[in-house]
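What follows draws every value from the coordinates through simple rules; no lab data is involved. Fair warning: this is a prediction, and the values are worked out from it, not measured in the lab. Don't worry about glycine lacking a Cβ; one is built from the backbone with ideal geometry, like all the others, and counts go over all protein chains shown.
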Amino acid sequence: MESIRNNLMKRLLCYAFLLPFTSCGLFVADAKSTADKRDININGQKLYMQYCASCHGVGLEGGLAPSLMDTIWTYGDSDESILRAISVGIETVGMPGFSDSLSVDNQKDILDFIKAGAPLETVDPITDVPSVSDRVHIQTHIENLEEPWAITFVPNSNVLLITEKNGTLIRIEGEKRDKISGIPIVNSKGQGGLFDVAVDPEYESNGWVYLIFADPLGKKSMTKLVRGKISNTDWVEEQVLFQARAEDYSSSKHHYGGRITFDAFGHLYFSIGDRGDKDMAQDINVPNGKIHRINRDGSIPKTNPFLNSPYPSIYAYGNRNPQGLIVHPQTQTLWETEHGPKGGDELNKIEMGKNYGWPVISYGRNYSGTELTPYTAKPGMEQPESQWTPSIAVCGLDIYTGDLFPEWKGRLLAGALRNQTIRLIDVSEDRYQSESILLSGEGRVRDVTTGPDGAIYVALPNKIIRLSPKL
Ligand code: HEC
């Protein structure tokens, strides 16, 4: 709890006292050049986000200070009174003056922005997605599978590892297909099962393979992470890397998360969903609704943000059901996709210690259609990089790193279950730029990965397909 409070305090200090922008991750407003592209004053909006949003709310809705979008102006609604409030402040009540940090022109831009009537700095849903699927040739690669959940190639080999939801780990090598025996028993009821499989970045020298799954405990279960080695067709030398306390196992059968990825600095990241108990996503004393970070041997990195939590592996929080997680090899950015409720599936850039807002802010609604939360944005909570409403049911995320489609190198490949698509997402300059549909109508996409041959491999409900350029 303490670290959350510290974190919050730090943010507030950053905003309120305008500590060096770089350490607060704030951006400096650029020139007015873009101002006439939209009705709202863009420079005013940027400055507002930078100087005012922490207290008055990202969408002017209020928070630590009054709403600036209602019709109540305690200190006067004329331009002069508002400008006076901005420049001199209202010291007795904690409204700082900004005459030292903002020029008169900048203050007027902010006034324009406020007066324009509170456009939310929120992410627009993606519409009109173009398709590039006519450029892709589809071949069946492996058939007769039962709900494959994850696919991973062993580097510098033609070995493919596949998990099936029911608890089977399969190794494919050329024509040979082996079932690995001795892996952990999983609870495969509901959304439970054997989830991701990942091979160590130094697999060739150490042989470690990682599995994440729904671990049964009586009638309850919880996401658990182990590593082990495959010797012939046996699972051996197993080590437990993450296991929740018995009291944190849950009888719910959904929202397990269950993805694994590695960065270039020896860390392993994994995801756990809120297990259907949404408020737990905001509580750093429980593992639910979090992105976790450990060293590959299970030890805790000393720089993790919540070292006093019973779960010091927590790296970021406020995530609903993260089913896509991947470190971008060029930028080391940790990209995540998570299921929203009805609407509000998110693409997030996960940063250490940050709060992604579930269930306090969301673009989604309850499945019944009733309002889940009135907020899509709040100070201290991260906005998604983009969001899909209606939900596409995101699942499985990778980066295209091959040579067969050179112009797609570095783009995200995001699978979708209900929508039965793969989204090819341009994240150049480390931001969401645009997306197109790479595959559509072949079935629910559970996982997607780049193969060693540069083709894209996709896990569908009962098979793996291979995508290569159409000649
Ligand atoms: C540290 C928190 C904080 C920051 C940062 C902040 N304000 Fe305020 N602001 C307040 C508080 C507190 C009040 C008055 C509360 C009260 O007495 O009702 C206030 C009042 C105001 C009012 C008067 C509202 C009314 O109802 O008459 C305006 C206008 C205003 N702020 C604009 C801004 C602008 C523009 C910025 C950014 C340049 C900003 N504030 C930054 C805390 C803040």
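Computed values, structure above
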quantity: Whole-number D in µm²/s for region 398-471 (Stokes-Einstein; Kirkwood sum over Cα pairs; 10 °C, 1.306 mPa s); calculated: 128
quantity: Per-pair calculated FRET efficiency, R0 = 51 Å: N308 and K463 via Cβ, rounded to 0.05; calculated: 0.65
quantity: Gap separating the Cα centres of region 329-346 and region 168-182, nearest whole Å; calculated: 30
quantity: M95 long-range amide H proximity, modeled H, under 5 Å; calculated: I90
quantity: Calculated FRET value between V132 and T92, using beta carbons and R₀ = 45 Å, to 0.05; calculated: 0.15
quantity: Other-chain or far-sequence residues with amide H under 5 Å of L241's (modelled H); calculated: L225, V226, R227
quantity: For the chain: span of alpha carbons on each principal axis (Å, largest first); calculated: 78, 54, 44
quantity: Of N41, P216, I425, farthest towards positive along the dipole that unit charges on Lys, Arg, Asp, Glu beta carbons give the chain; calculated: P216
quantity: CD proxy at 222 nm, helix term only [per DSSP H run n ≥ 4: -39500 (n - 2.57); per residue of the chain; nearest 500]; calculated: -3500 deg cm²/dmol
quantity: Karplus 3J(HN,Hα) series, Hz, for region 341-351 with 6.51 cos²θ - 1.76 cosθ + 1.60 (x for Gly, Pro); calculated: x, 9, x, x, 5, 10, 10, 10, 9, 8, 10
quantity: Volume per residue of the C-alpha convex hull in region 210-334, rounded to whole Å³; calculated: 118
quantity: Note, ³J(HN,Hα) from phi for region 48-60, Karplus 6.51, -1.76, 1.60, rounded to Hz, x at Gly and Pro; calculated: 4, 4, 6, 9, 10, 4, 4, 9, 8, x, 4, x, 6
quantity: Shape category assigned to region 48-91 from the gyration tensor of Cα positions, a/c cut at 1.5; calculated: oblate
quantity: Given K176/K229; K108/K378; K220/K302; K179/K253; K219/K354, the pairs whose alpha carbons are separated by over 22 Å; calculated: K108/K378; K220/K302; K179/K253; K219/K354
quantity: Phi-based couplings in Hz for region 182-189 (Karplus 6.51, -1.76, 1.60; Gly and Pro marked x); calculated: x, 6, x, 7, 10, 9, 9, 6
quantity: Selection from F153, L194, L413 lying farthest towards where the dipole of the chain points positive, charges on Cβ; calculated: L194
quantity: Sequence-distant residues sharing a close amide H with V159 (under 5 Å, placed H); calculated: V154
quantity: Computed FRET value (nearest 0.05) for E146 with S67, which takes r as the C-beta separation and R₀ as 51 Å; calculated: 0.45
quantity: Highest-first arrangement of 304-312, 318-326, where packing means the average Cβ count within 10 Å; calculated: 318-326, 304-312
quantity: Net charge of Cβ neighbours under 10 Å - reference T331; Lys, Arg +1; Asp, Glu -1; calculated: -1
quantity: Kirkwood hydrodynamic radius over Cα pairs of region 351-411, then Stokes diffusion coefficient at 37 °C and 0.692 mPa s, in µm²/s; calculated: 229
quantity: Bridge type composition, the chain - antiparallel percent by DSSP, nearest 5; calculated: 95
quantity: With Cα atoms, 0 to 90° folded angle of helix 104-115 axis to the chain main axis; calculated: 70
quantity: Local net charge near E237, Cβ-Cβ under 15 Å (Lys/Arg +1, Asp/Glu -1); calculated: -1
quantity: Cα-centre dipole for the chain with unit charges at Cβ (Lys and Arg positive, Asp and Glu negative), debye to 20; calculated: 1000
quantity: For region 389-471, with +1 on Lys and Arg beta carbons and -1 on Asp and Glu, the positive-most of N462, I437, T401 along the dipole; calculated: N462
